[in-house]
Amino acid sequence: MLRAIGLATKGKGFTAPNPMVGAVIVKNGKIIGEGYHKICGGLHAERNAFASLTESAEGADMYVTLEPCCHYGRTPPCTEAIIQNKIARVYIGSRDPNPLVSGKGAKILREHGIEVTEDFMREECDEINPVFFHYITTKTPYTAIKLAMTLDGKIASYTGASKWITGETARENVHLLRGYYSAILAGIGTVLADDPMLNCRIEDMHQPLRIILDSELKIPLDSRLCISAKDYPLMIVCCRFSEEKKRALEAQGAEVCILPEKDGRPDIKELMKLLGERGISSVLVEGGGTVNEAFLKCGAVSHVYAYIAPKLMGGASAKTPVEGIGAASPDECAVLKNMKLTKLGEDLLLEYDVERGIANVHGNC
């Protein structure tokens, strides 16, 4: 199963909105086939494992990180392939929360005389698919916030300068992250201050949808985002606009999405619902402090990536990662858990799951 988990993670960034899945076939103590789900729309892990067989799988064991599918989608059911290949035993890691599969895949296998063991190394298997589990159960994207700051919690100096707070290794890691997420989101403030591209610069990796929260369509037509809109997908989300600017942006290849207004900006919850309906299973927020606070108050954040540089910026007016009114007391803070620490050159990457967002005592969302 550990081998199957390792195989599954090779699909990271390519399988969304599908899960990452790995499968290993063992006969007489020897691996005779293995595979993983490589790309959305491609063969599932089980069928790729059967395609790699070095001998007949009759009587063999299969270890698969997620319950085999039993319905027709873009590919035929994997349960059919398991039955046809006369597998004797199947060890399943994670249970599939998808109503089309949940419990049904295991049931069909048992009905055909196959011995099924569920929850085999379930915790380890569950850890590789938080995005899929969130998306399939909530119908909204798994959302993470990315912060890059000095040790004293500044994302820009009092002049607004922010390039570069972290070192090259940390910045390369951010591009890896972008390739893992279905969409990257920033606010118009970040666009006007930094003129970013928000694309993934790692060769052969997935290019995310770029989303800009821009209440009044202030984005410059000559910004790098707009100029590159025909090469990299761009969605600009607004609530107030002029038809002339909207037409000009669309002519450049951008999509202009109009949502109801909430507290002066497009309604974040409505945006999450819309993205979910479009099959966007994950969003990486790379906004400024105002956007970060809005997402945390909405309870829309599942994970935080905090890149911390060994620098002290200082300055009472220097920008911080989470702005706005903020929490009134420590009891109202966002609460994080499950810390993971990675050293990236001289910088640190701290990762956390979000247990609770900032207490919404002001009615912002």
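The values are calculated or read from the model by the stated rules, or taken from the named source; none is laboratory data. These numbers were taken from a predicted model, which means no experiment stands behind them. Every residue, glycine as well, gets a Cβ built from its backbone with ideal geometry; the counts of neighbours run over all protein chains shown. What goes into the accessible areas is simple: the full protein's heavy atoms, side chains included, and nothing from ligands, DNA or RNA. Shrake-Rupley method; radii C 1.70, N 1.55, O 1.52, S 1.80 Å.
Just a few scattered comments:
- Candidates PRO97, PRO19 - the one that is within 19 Å of HIS134 (Cα to Cα), touching a helix residue (DSSP H, G or I) at 6+ places or on another chain (Cβ under 6 Å) and open to solvent by 40 Å² or more (accessible area, probe 1.4 Å): PRO97
- For the range 207-254, residues that are within 27 Å of the chain's Cα centre (by Cα), within 24 Å of ASN292 (Cβ to Cβ) and not hydrophobic (A, V, I, L, M, F, W, C) total 9.
- Residue in the range 124-140 that is closer than 30 Å to MET62 by Cα, touching a strand residue (DSSP E or B) at 6+ places or on another chain (Cβ under 8 Å), at pLDDT 95 or above and outside any helix (DSSP H, G or I) present: yes
- Residue pairs whose Cβ atoms lie under 8 Å apart, separated by 6 or more positions or on different chains, with the first residue in the range 243-258 and farther than 12 Å from ASP214 by Cβ and the second of a type in the set (D, E, K, R), are GLN252/LYS230; GLY253/LYS230.
- Test: residue in the range 296-303 that is open to solvent by 20 Å² or more (accessible area, probe 1.4 Å), of a type in the set (D, E, K, R) and either in contact with a Pro (Cβ under 7 Å, 6 or more places away or on another chain) or more than 21 Å from PRO196 (Cα to Cα) (or both): no
- Sole exception among (1) open to solvent by 50 Å² or more (accessible area, probe 1.4 Å); (2) at negative phi for GLY29, by number: (2)
- For the condition of a type in the set (Ser, Thr, Tyr), more than 30 Å from VAL191 (Cβ to Cβ) and not in a loop (DSSP other than H, G, I, E, B), TYR91 qualifies.
- Residue, nearest to ASN48 (Cα to Cα), within the range 77-99, restricted to residues that are of a type in the set (Lys, Arg) and either over 29 Å from the mean Cα position of the chain (by Cα) or modelled with pLDDT of 95 or more (or both): LYS86
- Lone qualifier among ARG74, ARG110 - being farther than 16 Å from ALA23 by Cα, without any contact (Cβ under 8 Å) to a residue 24 or more places away in the chain and open to solvent by 60 Å² or more (accessible area, probe 1.4 Å): ARG110
- Within the range 314-333, none of the residues are in a strand (DSSP E or B), of a type in the set (S, T, N, Q) and open to solvent by 40 Å² or more (accessible area, probe 1.4 Å).
- Condition check for LEU43: touching a Gly at 6+ places or on another chain (Cβ under 6 Å) and part of a loop (DSSP other than H, G, I, E, B): no
- If you go through the range 321-365 and pick out every residue that is β-branched (Val, Ile, Thr) and at pLDDT 90 or above, you end up with 4.
- Selection of the range 252-272 for residues being open to solvent by 70 Å² or more (accessible area, probe 1.4 Å) and of a type in the set (A, V, I, L, M, F, W, C) yields only ILE258.
- Members of the range 190-216 found to be over 29 Å from SER157 (Cβ atoms), out of contact with any Gly (no Cβ under 9 Å at 6 or more places or on another chain) and not acidic (Asp, Glu), listed by number: LEU209
- Within the range 276-285, considering residues that are open to solvent by 20 Å² or more (accessible area, probe 1.4 Å) and touching a residue at least 40 places away in the same chain (Cβ under 8 Å), the one farthest from the chain's Cα centre (by Cα): GLU277
- Within the range 201-229, the set of residues being among the basic types (Lys, Arg) and out of contact with any helix residue (DSSP H, G or I) (no Cβ under 8 Å at 6 or more places or on another chain) comprises just one member, ARG224.
Residues checked against (1) aromatic (Phe, Trp, Tyr); (2) closer than 15 Å to GLY287 by Cβ; (3) open to solvent by 10 Å² or more (accessible area, probe 1.4 Å); (4) touching a Pro at 6+ places or on another chain (Cβ under 8 Å):
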residue: ASP194; (1), (2), (3), (4): no, yes, yes, no
residue: GLU203; (1), (2), (3), (4): no, no, yes, no
residue: LEU221; (1), (2), (3), (4): no, no, yes, no
residue: LEU225; (1), (2), (3), (4): no, yes, no, yes
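- Qualifying residue in the range 175-182 (condition: touching a Phe, Trp or Tyr at 6+ places or on another chain (Cβ under 8 Å), at pLDDT below 95 and closer than 12 Å to TYR307 by Cβ): yes
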